[in-house]
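S.K.: After the structure tokens below, expect a handful of questions from me.
The values are calculated or read from the model by the stated rules, or taken from the named source; none is laboratory data. The model shown is predicted, which means the values in this text are computed figures rather than measured ones. Don't worry about glycine lacking a Cβ; one is built from the backbone with ideal geometry, like all the others, and counts go over all protein chains shown.
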Amino acid sequence: MSELTSTKPYMIRAMHEWCTDNSLTPHLLVAVDGHTRVPVAYVKDGEIVLNINYSATRNLLISNEAVTFSARFGGVASDLYVPMHAIRGIFARENGQGMFFQSEESDVTVSEPGESDAEGLPRSDEGLEKKQKPIKKKPFLKLVK
């Protein structure tokens, strides 16, 4: 029997639709790693919260592999790529209701301090496998205002 697809992208699409149907602002909580492409200046403690409301994004696509869109940060347009394994949750800004996910330790690794690519993101080079450690964080809720 073939392996089933993850329910995570379906839940994210459903929560996004629920937020927009109820005039709420959907936000993604993202753990930034070498596969994630977001503005580094807005990353705090290895995470970033992204507004994925249709009014704040352009060409928003929530596929089974990743969430991609364009958005402005400080007036500068950026193309963002967030793989599904990096998404920690989706919630409504106004009331905090949403869904949060456990980390997928088998897919996600963090580079040693001081090792990053030209954009300031941790490198995902295969040669660094010996120096990388798996993320072992428990899920938590962060208040976003």
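S.K.: Please tell me if residue 104 is modelled with pLDDT under 95, in contact with a strand residue (DSSP E or B) (Cβ under 9 Å, 6 or more places away or on another chain) and part of a loop (DSSP other than H, G, I, E, B).
M.R.: On the way: modelled with pLDDT under 95: yes; in contact with a strand residue (DSSP E or B) (Cβ under 9 Å, 6 or more places away or on another chain): no; part of a loop (DSSP other than H, G, I, E, B): yes.
Considered against the rule, which asks whether it is modelled with pLDDT under 95, in contact with a strand residue (DSSP E or B) (Cβ under 9 Å, 6 or more places away or on another chain) and part of a loop (DSSP other than H, G, I, E, B), residue 104 comes out as no.
S.K.: Further question on the same structure: Can you name the residue in region 1-25 that is out of contact with any Lys or Arg (no Cβ under 8 Å at 6 or more places or on another chain) and of a type in the set (A, V, I, L, M) and is also farthest from residue 57 (Cα to Cα) among such residues? Lay out the reasoning, then the answer.
M.R.: Pass one, region 1-25, residues out of contact with any Lys or Arg (no Cβ under 8 Å at 6 or more places or on another chain): 1-23.
Still in the list and also of a type in the set (A, V, I, L, M): 1, 4, 11-12, 14-15.
Details: 1: 39, 4: 30, 11: 20, 12: 16, 14: 18, 15: 17 Å.
Here the residue is 1.
S.K.: Considering each of 111, 70, 78 in turn, give the residue that is in contact with a Pro (Cβ under 9 Å, 6 or more places away or on another chain), modelled with pLDDT of 50 or more and either of a type in the set (Ser, Thr, Tyr) or surrounded by fewer than 11 Cβ atoms within 10 Å (Cβ to Cβ) (or both).
M.R.: Result: 78 is the single residue among 111, 70, 78 that is in contact with a Pro (Cβ under 9 Å, 6 or more places away or on another chain), modelled with pLDDT of 50 or more and either of a type in the set (Ser, Thr, Tyr) or surrounded by fewer than 11 Cβ atoms within 10 Å (Cβ to Cβ) (or both).
S.K.: State whether one or more residues within region 91-99 are part of a helix (DSSP H, G or I), polar (S, T, N, Q) and touching a residue at least 12 places away in the same chain (Cβ under 8 Å).
M.R.: So far as region 91-99 goes, no, none of its residues is part of a helix (DSSP H, G or I), polar (S, T, N, Q) and touching a residue at least 12 places away in the same chain (Cβ under 8 Å).
S.K.: Scan region 1-8 and tell me whether some residue there is among the β-branched types (Val, Ile, Thr), more than 15 Å from residue 144 (Cβ to Cβ) and free of Cβ contacts under 8 Å to residues at least 60 places away in the same chain. Break it down into steps so the answer makes sense when it comes.
M.R.: The first filter runs over region 1-8 and keeps only residues among the β-branched types (Val, Ile, Thr), leaving 5, 7.
Those still in the list that are more than 15 Å from residue 144 (Cβ to Cβ) too: 5, 7.
Still in the running and free of Cβ contacts under 8 Å to residues at least 60 places away in the same chain: 5, 7.
The answer is yes; a qualifying residue exists.
S.K.: List the number of the failed condition for residue 96; all other conditions in (1) surrounded by 12 or more Cβ atoms within 10 Å (Cβ to Cβ); (2) touching a strand residue (DSSP E or B) at 6+ places or on another chain (Cβ under 6 Å) hold.
M.R.: With (1) surrounded by 12 or more Cβ atoms within 10 Å (Cβ to Cβ); (2) touching a strand residue (DSSP E or B) at 6+ places or on another chain (Cβ under 6 Å) applied to residue 96, the lone miss is (2).
S.K.: Could you please find all residues in region 52-62 being surrounded by 15 or more Cβ atoms within 10 Å (Cβ to Cβ) and within 15 Å of residue 12 (Cβ to Cβ)?
M.R.: 52, 53, 57, 60, 62 - these are the residues of region 52-62 that are surrounded by 15 or more Cβ atoms within 10 Å (Cβ to Cβ) and within 15 Å of residue 12 (Cβ to Cβ).
S.K.: Go through region 44-72 and give me each residue that's under 19 Å from residue 101 (Cβ atoms) and assigned to a loop (DSSP other than H, G, I, E, B).
M.R.: 45, 46, 52, 63, 64, 65
S.K.: I'd like the residue in region 1-37 that is surrounded by fewer than 21 Cβ atoms within 10 Å (Cβ to Cβ), assigned to a loop (DSSP other than H, G, I, E, B) and among the hydrophobic types (A, V, I, L, M, F, W, C) and, out of all such residues, is modelled with the lowest pLDDT.
M.R.: 1
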